[in-house]
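J.: This is the structure I want to talk about, given as structure tokens.
The values are calculated or read from the model by the stated rules, or taken from the named source; none is laboratory data. Bear in mind the structure is a predicted one, so any value in this text is a computation, not a measurement. No Cβ is skipped: glycine too gets one built from the backbone with ideal geometry, and neighbour counts run over all protein chains shown. What goes into the accessible areas is simple: the full protein's heavy atoms, side chains included, and nothing from ligands, DNA or RNA. Shrake-Rupley method; radii C 1.70, N 1.55, O 1.52, S 1.80 Å.
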Amino acid sequence: MSESQRSAGASSAGPWELVAHLLIGTFFGVVLIQSEVVSWFRIQEMFRFQSPHMYGVIASAIATGVLALWLLRRFGVGALNGAGTTPEPKRWGPGAGRRYWLGGTLFGLGWGLTGACPGPMYALMGYGVAGAAVVWLAALVGTRTYAAVRDRLPH
């Protein structure tokens, strides 16, 4: 793959790479199911402050992410396209913080009502929960709608 293809995000994953991704994704889905992270009841317990289970999972995910980023930066490892591991700073500006609050609120409401966020949504479909397909379809419609109106939104 040429450097221009790599920087443009083009992928030329071979069949073994795709199999590896499928196996890793399947393992991740099994972990989500077995740890009950995708359980609607566990998510409701979290939002009602009835159980520390999900807070422990979220805290361990944050700690893992912090450690992973620290190690990547420590050893100078970046993305395949040459990008670094430092995210772009948020652009706050006048009134811009509202979009973060609004987006977070909408995400939280959707998560609380459906009991699924993007990762577990696929695990639930793989587990055979038919209602997850409805959530996936709604997420797809929302994503496509945003893509259609993004240029007209204040950024």
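J.: Is the range 87-109 home to any residue that is surrounded by 11 or more Cβ atoms within 10 Å (Cβ to Cβ), over 27 Å from residue 43 (Cβ atoms) and within 19 Å of the chain's Cα centre (by Cα)?
T.: Looking for residues that are surrounded by 11 or more Cβ atoms within 10 Å (Cβ to Cβ), over 27 Å from residue 43 (Cβ atoms) and within 19 Å of the chain's Cα centre (by Cα), one finds none in the range 87-109, hence no.
J.: Moving on. Taking the residues in the range 14-40 that are in contact with a Gly (Cβ under 9 Å, 6 or more places away or on another chain) and in a loop (DSSP other than H, G, I, E, B) as candidates, determine which candidate is surrounded by the fewest Cβ atoms within 10 Å (Cβ to Cβ).
T.: Looking at residues that are in contact with a Gly (Cβ under 9 Å, 6 or more places away or on another chain) and in a loop (DSSP other than H, G, I, E, B), I get 39.
J.: Kindly indicate the residue of the range 41-86 that is part of a helix (DSSP H, G or I) and among the hydroxyl-bearing types (Ser, Thr, Tyr) and also least open to solvent (accessible area, probe 1.4 Å) among those meeting that condition.
T.: Of everything passing the filter in the range 41-86, 60 is least open to solvent (accessible area, probe 1.4 Å).
J.: Scan the range 111-127 residue by residue and report those that are free of Cβ contacts under 8 Å to residues at least 12 places away in the same chain and in a helix (DSSP H, G or I).
T.: Quick first cut of the range 111-127, residues free of Cβ contacts under 8 Å to residues at least 12 places away in the same chain only: 113, 117, 125.
Once the filter is applied, which keeps residues that are free of Cβ contacts under 8 Å to residues at least 12 places away in the same chain and in a helix (DSSP H, G or I), the range 111-127 yields 113, 125.
J.: Next question, about the same structure. Being of a type in the set (Gly, Ala, Ser), under 14 Å from residue 32 (Cβ atoms) and out of contact with any Cys (no Cβ under 6 Å at 6 or more places or on another chain): is that true of residue 96 here?
T.: Answer is no for this residue.
J.: Further question: Out of the range 119-155, which residues are open to solvent by 70 Å² or more (accessible area, probe 1.4 Å) and within 27 Å of residue 90 (Cβ to Cβ)?
T.: Within the range 119-155, 141, 143, 144, 145, 146, 150, 151, 152, 153, 154, 155 qualify.
J.: On to the next question. Answer with yes or no whether residue 27 is modelled with pLDDT of 90 or more, closer than 27 Å to residue 126 by Cβ and either in contact with a Pro (Cβ under 6 Å, 6 or more places away or on another chain) or not aliphatic (A, V, I, L, M) (or both).
T.: yes
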